[in-house]
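To start, the structure under review is shown below, and the notes come after it.
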Amino acid sequence: MVTSLLVLTAWVGVMVALAGVLTLVCRRCLGGPPPPPRRARRLGATPVPDVTPEGDRPRRPVVRVRRSSMPVTRRRPLQEVAGDLRRLARELAAVPAGAPFIRWQALQAAYDRVLVEAAEELEVPHDLTDLPLGSGRDVERLRVVCALEAAGLVVQD
């Protein structure tokens, strides 16, 4: 029973491979249309005509995708950033003593990311992204929090 199932599976695999090879051979020998380039199928793509201005020799289609002229910068409102900062500070303070270290580490990383976002929006200089974990980063974190509060952002409830 198992042997016949394996033979049947092998036979189907050979037939599928043979069909693929025959399709490629027919396209090459009979001069069928080549498959469209992958880029031309993208949304917003405009293919260039297949003939050169002289009309004597076909060329590869070139795909041009429209891009907006202005860069898109999405910044969250400062109120949302401040709310996330306060929420994460509360969650960090509420981590129980027996909690897994990975939980504390994930909360600390999220807090640092939001702190960097707030510092960039208020143009407060920081080195949080450059410093490794440790006391140096802790001191820089405290300095950035103090600078943000001096700039008028309420970080702690």
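The overall shape of segment 78-150, judged from the alpha-carbon gyration tensor, is oblate: a/c is not under 1.5, and a/b is no greater than b/c. Stretching residue 6 away from residue 110 to a fully extended chain increases their span by 32.2 nm, per 0.36 nm per residue minus the current alpha-carbon distance.
Taking K and R as +1 and D and E as -1, what net charge do the other residues with C-beta under 11 Å from the C-beta of residue 87 add up to?
That sum, taken over residues with Cβ under 11 Å, equals -2.
Read the figures in this text as sums done on the coordinates, not as results from a lab. As the structure is a computational prediction, the values presented were derived from the model and not from experiment. Using ideal geometry, Cβ is built from the backbone for each residue, glycine included, and neighbour counts are taken over all protein chains shown.
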